[in-house]
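Each remark here refers to the structure printed beneath this line.
Derivation of every value follows stated rules applied to the coordinates shown; laboratory data play no part. Just so it is clear, the structure is predicted and the values come from calculations on it, not from any experiment. Cβ coordinates were reconstructed from backbone atoms using ideal geometry, including for glycine residues, and neighbour counts include every protein chain displayed.
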Amino acid sequence: MRATSTFFALLLFAGIRSWAQEDLQVLPAELNGGPKSLMLHRYLLKQADAALDAREKSFEKIKTADEARAYQEKMRAFLIERLGGFPERAPLESRTTGILERDGYRVEKVIFASRPGFHVTGLLFLPPGSGPFPGVLVPCGHSGIGKGEEKYQRVCIALAKQGMVAFCYDPLGQGERHQVRLPTGKTTGPNHTVLGVSCIPLGTSFAQFRIWDGMRALDYLAGRPEVDPERIGCTGNSGGGTLTSYLMALDDRIVAAAPSCYLTSMRSLLHVNGPQDAEQNIFGQVAFGMTHAEFLMMRAPKPTLMCVATRDSFRIDGAWQTFREAKRFFARLDHPERVDLVETDEPHGFHLQLREGAVNWMNRWLKGRDGHVPEPAFEVLSSPDFLVTDSGQVLDLPGERTVFEINADMEKTLAEERAKRWTDTPRQELLDRARELAGIRRTALLPKTKAEQISSIPGDGYELRKLTLSYEDGILLPALVMLPAQRSGQAVLYFDGEGKQRAFEPGGEFEKLARAGTIVVAVDLRGLGELHDLIPVTHTGMPAKTDWQQWFLAYLLEKSFLGMWTEDVFAAARWLRTYETEGETRNRIRVIGVGHAGPAVLHAGALEHELFAQVELRQTLDNWASVVGDRQGCGAMLLNTVHGALRVYDLPDLRRVIGDQRLTVVDPRDSQNQPLDSDSRVR
């Protein structure tokens, strides 16, 4: 420490200013029993555990059949509301593009529209004869070739050979249903989180698109003359297990279900795997008490088989915990025998034992035929035999729409409604609604901000102080202060998505301000700067950091990063107003938000204008509306996405609240975080 102080003294004596980045770290590498970069993760997990504890207590109170049915209705209503409801049914406009005759079954290549101009490609596997046969829907898991994946074909062929019609269709972003075309003309997938970011500001969900595709696929399957609509089943693996779980909970036509390699306990999932793709996260579900077990309970007492793998990444102990809860719930409805579990000693995947378990389950409950039937040997289709469209992509169909275009149309309607609302409704009422949507408490309701000085280094005309700010258990915000020797009563409060250190460039604007008498305070918001988790992940179509998992963890708790960051801004501003002042004197604060920190600063300035004399935004997202329709890079804006915000307000509405006299906008950014030309800005 003495050698470091001597080094800085020599630099000062020489008239040189140089703060090395490592010297601007405030917190130790380890904090509260773990890396400081995972502070936000620990904070959110603690809240998730508390919510899951409360849910378990509520579950234990369900003792009668009437209480069980009331619980089912409550969960179903919540799930549908959080999905954003469902669109109206339109004509399927289905057609068969080809027929393949195989040994003991035939395959029809099918295409239908789940929404107008929005097509689904699938393969229908039919046994010989005219039926009517039981029908089984097979949603696909993650696979680049979708329905062409061998294991998904195998379960369909096995079902057909047992006298059942199986319908396997491509999920959005996979197989023939890519939603993103690169500038080179090549399509790419699966893009699930990018597609999710397009839906969330509208108050809908990518899961809604996925579920509606499945429901319309059931419409098609049940409407085939060869299929008995009273004997319908559903089975799928991984992402297909997710869709099977959703569909079996929401669509009463599904008599028998067998989700594979998805169901575990929510506690296990969050602690071990972390949140998964966008469609697997329902807004506020953990806060509400909806776990994987609830998907089983919502359909009780209809026959349901959990297909699980001992060495799955979705933990087997969590799967057994969920099974136990489901078994008890089915017993409340007098049918514990209708829920069962098959486990294979394998890693994640639709392995032979699980496929056989699913097929035999369908045999039992759809055909009344019990006993084990092994999967026979057979060949599967190869490309291009399993392709339905001529080009291999629905994007090439005339007039085909994407998720982004459907969402953009919805946003146009919402934009008209917002414009009218902001004309006819009292401003404070709209700001209160914005607070509610983003989850932002009033400053007066936040716990008192506590500041602790860690160290101090003398500078040229100012003193550099390292501080921590805290106002909430589990959250400690690192701050750097340039405190002038002679103070003018002016203060700058700086928040940067890349970290507070960018305010300390040698000879930069803030050092000049400090020497002129302005207090400069730079703070890292939770999860940013030195609190940022830099562990890379490899999920295709997702941001390149684990930020997306932390964001979805907050999403499951009905929180937004933007809301938490805005409260951090409030807490820092409230403290700074009286920092190093005397009597009733208050520092006059100019707040600056850069990059990902910008929207939080914008919200703070609009919601509590009395805290800030001036608000400045740099390299900040211009509006949410453009994010909705951006198929190329809207995933970059996940961190500042707020569920349902566009039903009430957009960022330009808040800028107008602050007004041109108090607000400065420098280098605004588009939905891909690229500079936005002045003609494209929303005023």
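For this structure, a couple of remarks:
- Rounded to two decimals, the Cα radius of gyration of segment 425-675 over 2.2 N^0.38 Å is 0.99.
- Subtracting the Cα-Cα distance of Val272 and Glu400 from their residue separation scaled by 0.36 nm leaves 42.1 nm.
- Cβ crowding within 10 Å averaged over residues, with 225-232, 38-45 ranked highest first: 38-45, 225-232
- The C-alpha atoms of the chain define a longest principal axis, and helix 39-60 lies at about 50 degrees to it.
- Summed residue charge, Cβ within 12 Å of Leu221's Cβ, Lys/Arg positive, Asp/Glu negative: -1
- Stokes-Einstein D in µm²/s, Kirkwood radius over Cα pairs - segment 63-179 at 25 °C with 0.890 mPa s viscosity: 150
- Applying 1/(1 + (r/R0)^6) with R0 = 41 Å to the Cβ-Cβ distance of Arg324 and His609 gives a FRET efficiency near 0.15.
- The order of the peptides 352-360, 123-131 by mean Cβ neighbours within 10 Å, most packed first, is 352-360, 123-131.
- Distance (nanometres) between label positions extended 7 Å along Cα→Cβ at Thr96 and Thr310: 4.4
- Taking every C-alpha pair closer than 8 Å and separated by at least 6 residues, the mean separation divided by the residue count of the chain gives a relative contact order of 15 percent.
- The equivalent ellipsoid that matches the C-alpha gyration tensor of segment 642-683 spans semi-axes of 18, 16, 8 angstrom, in descending order.
- Distance between segment 477-523 and segment 172-231 - C-alpha centres, whole angstrom: 49
- Mean residue ellipticity at 222 nm, helices only, the chain: -11000 deg cm²/dmol; runs of at least 4 DSSP H residues each add -39,500 (n - 2.57), and the sum is divided by the number of residues.
- With both labels modelled 7 Å from their Cα along Cα-to-Cβ, the Lys63 to Glu379 distance reads 6.3 nm.
- Spatial offset of segment 251-320 relative to segment 67-131 amounts to 21 Å, using the alpha carbon center of each.
- Estimated from the Cβ-Cβ distance and a Förster radius of 41 angstrom, the FRET efficiency linking Thr188 and His372 is about 0.45.
- The ellipsoid equivalent to the alpha-carbon distribution of the chain has semi-axes of 53, 26, 23 angstrom, derived from the gyration tensor eigenvalues as √(5λ) and listed largest first.
- Distance-filtered residues of segment 127-161 - backbone nitrogen under 19 Å, label point 7 angstrom along Leu352 Cα→Cβ: 150-161
- Helix 239-250 axis versus longest C-alpha principal axis of the chain: approximately 80°, rounded to the nearest ten.
- Only Cα sites of segment 196-342 enter the Debye sum here, all with the same form factor; the resulting log10 I(q)/I(0) across q = 0.10, 0.14, 0.16 1/Å is -0.34, -0.67, -0.87, listed in q order.
- Translational diffusion of segment 539-650 was estimated from the Stokes-Einstein equation, with Rh taken as the Kirkwood radius over Cα pairs; at 20 °C and 1.002 mPa s the coefficient is 138 µm²/s.
- GluC sites (Glu not before Pro) within segment 539-621: DSSP coil, no more than 16 neighbouring Cβ in 10 Å: Glu580, Glu582, Glu584
- Ranked packing of 169-180, 487-498, most packed first, by mean Cβ within 10 Å: 169-180, 487-498
- Angle between the chain longest axis and helix 547-556 axis [Cα atoms, degrees, rounded to 10]: 70
- Between segment 359-387 and segment 630-679, the C-alpha centres lie 51 angstrom from each other.
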